[in-house]
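Just below is one structure, and these are the notes that go with it.
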Amino acid sequence: MRDGTFRPAFCRYRIELGSTKRNSLAKEQFVEPETISRDRNLFNKALIRAFIKNSCSREAWTGAPWLVKERYAKKFRIDMTVPEHLRPKEKVKMVEEKIDRRFKKKV
C-alpha cells in the first residue's frame, strides 16, 4: 500500500465436489489455500516397483524384455508377441544352458 504496510496476497480455489462422468452436476465450493493439501508420497518408487512386479514378468536371460502378464493382456487387449529384435539369440540360450548345468552339478 501507499503508506508502506504490507498486505498478503489473496486467493481462493474453486473446487468441484462429487463430479463424475455420469453425473455432470457437481457442487462447487470456494476454499482457502490453507485448507488444501496433498500427500506427496502417494506416487513413489516403491509403489511403481510393486505395480511392475504385480503386472509384468520377465524371463531369466540377460536383456529379456518386461512383458505384461497374460491376464492383463487379455483384459486390456494388449498384443503379447515379442518383436524380433527383442527375442533371445541362440548363443544367449546356449550360454545360459551351460550356466544352468554348472549350478545343477554343484548343488
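One table, with the values for the structure above:
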quantity: Residues L17, L47, L67 arranged by fewest to most Cβ contacts within 10 Å; calculated: L17, L47, L67
quantity: Fewest-first sequence of E59, E84 by Cβ atoms within 10 Å of each Cβ; calculated: E84, E59
quantity: Per-pair calculated FRET efficiency, R0 = 30 Å: K53 and T81 via Cβ, rounded to 0.05; calculated: 0.85
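Quick note: the coordinates plus some simple rules give every number you see, no bench work behind them. Worth saying up front: this structure is predicted, and the values here are computed from it rather than measured. All Cβ positions, even for glycine, are placed from backbone atoms using ideal geometry, and neighbour counts span all protein chains on display.
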